[in-house]
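Down below is the structure, laid out as structure tokens.
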Amino acid sequence: MSSGKVVLGLLAGVAAGAIAGLLFAPAKGSDTRKKIAKKGKNYEKKLEKKFNENVDKANKKFSKLKNDVSEFVEQKMPKKMADNK
């Protein structure tokens, strides 16, 4: 059996289990939907925070790289070539 079929079967099983769990849950549907929405908001906030942290890190690394390249060019290029930029 190919790994694609195994993954597809696993995902189908997880989906079926989640649906069965929601159908047979002891809480009312409206309560369950509120809980799901609340969890979704929490995950959204966490993802947004991580995304912003990663963007900040990338910006810092890009700025450092830009400065390093500029310094390298100033040190290694002849003065005339640097003036023609």
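Structure above, values below:
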| quantity | calculated |
| --- | --- |
| Top-ranked residue in the range 69-85 [being of a type outside the set (Asp, Glu) and either in contact with a His (Cβ under 6 Å, 6 or more places away or on another chain) or exposed (fewer than 10 other Cβ atoms within 10 Å of the Cβ) (or both); ranked as modelled with the highest pLDDT] | Gln75 |
| Hey, Gly4 assigned to a helix (DSSP H, G or I) and exposed (fewer than 10 other Cβ atoms within 10 Å of the Cβ) or not | yes |
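The values are calculated or read from the model by the stated rules, or taken from the named source; none is laboratory data. Remember, predicted model here, so these are calculated numbers, not experimental data. Counting neighbours? That spans all protein chains shown, and the Cβs are built from the backbone with ideal geometry, glycine included.
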